[in-house]
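Below is one structure, written out as structure tokens, with a few remarks after it.
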Amino acid sequence: MILGGARSGKSAEAERRLTRLADDAVYVATGGHREGDEDWAERVRRHQKQRPDSWETVETTDVAAVLRAATRPVLVDCLTLWLTAMMDQVGAWDDEAWRDGGEQELAARFDELDAAWRAAAVPVLAVSNEVGLGIVPESAGVRRFRDEQGRLNQRIAAASDAVVLMVAGIAVGVK
């Protein structure tokens, strides 16, 4: 697991590590497409250029299914975007929807990802943002996101053989 803040070098480090593991790998892009967002499209293009042509790219938020079916090393980039999509799907931004089952649904999705991560028959790397180092967000929904990101990071870190924190492009071993 490779953690860090924005532009800390997480993805580049994950890609370097995966390249050392295998020539043939699966890159799981969890960010999706954003109509009309040229900045996002450029970020996606930059990431695509960095990856070897031999890697298969799978654009999905069904990360657990990819891990269960994997027969070659996998890089998930990133768990933060996956979490955003999951929170969208369960209505977690709305306090009432969160109380009326959204929290339990998100917990079930965490359980599914955690189980697939632990059962993976191939090496798996994941990139995730460490978002809890800054100020306390003003809105309940954003605080919820920060808290759930922390919970997700703890679960995947616990299930991982190694955890690295990226600081200014430098990989610092955590576990």
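Residues in segment 23-34 that are at pLDDT 75 or above and surrounded by fewer than 17 Cβ atoms within 10 Å (Cβ to Cβ): ASP23, ASP24. Considering ALA92, ALA6, the condition of being under 22 Å from GLU130 (Cβ atoms), in contact (Cβ under 8 Å) with a residue 60 or more places away in the chain and hydrophobic (A, V, I, L, M, F, W, C) is satisfied by ALA6 alone. Contact annotation: residue pairs with Cβ atoms under 7 Å, 6 or more positions apart or on different chains, pairing a residue in segment 44-65 that is closer than 17 Å to LEU113 by Cβ with a partner that is open to solvent by 50 Å² or more (accessible area, probe 1.4 Å) and in a helix (DSSP H, G or I), are ALA64/GLU112.
All told, ALA159 falls short of being within 12 Å of the chain's Cα centre (by Cα) and under 17 Å from CYS78 (Cβ atoms).
Taken over segment 151-173, the residue count meeting the criterion of being without any contact (Cβ under 8 Å) to a residue 60 or more places away in the chain and part of a loop (DSSP other than H, G, I, E, B) is 1. When segment 143-162 is filtered for residues that are open to solvent by 50 Å² or more (accessible area, probe 1.4 Å) and among the polar types (S, T, N, Q), only GLN154 remains. When segment 163-175 is filtered for residues that are under 17 Å from the mean Cα position of the chain (by Cα) and open to solvent by 30 Å² or more (accessible area, probe 1.4 Å), only LEU165 remains. Of all the numbered requirements in (1) more than 27 Å from LEU18 (Cα to Cα); (2) open to solvent by 50 Å² or more (accessible area, probe 1.4 Å); (3) more than 18 Å from the chain's Cα centre (by Cα), ALA140 misses one, and that requirement is (2).
The values are calculated or read from the model by the stated rules, or taken from the named source; none is laboratory data. All figures in this text were calculated on a predicted structure; none of them were measured in a lab. Cβ sites come from the backbone with ideal geometry, for glycine too, and all protein chains shown count toward neighbours. Keep in mind that these areas ignore ligands, DNA and RNA; they rest on the heavy atoms of the full protein, side chains included. Shrake-Rupley method; radii C 1.70, N 1.55, O 1.52, S 1.80 Å.
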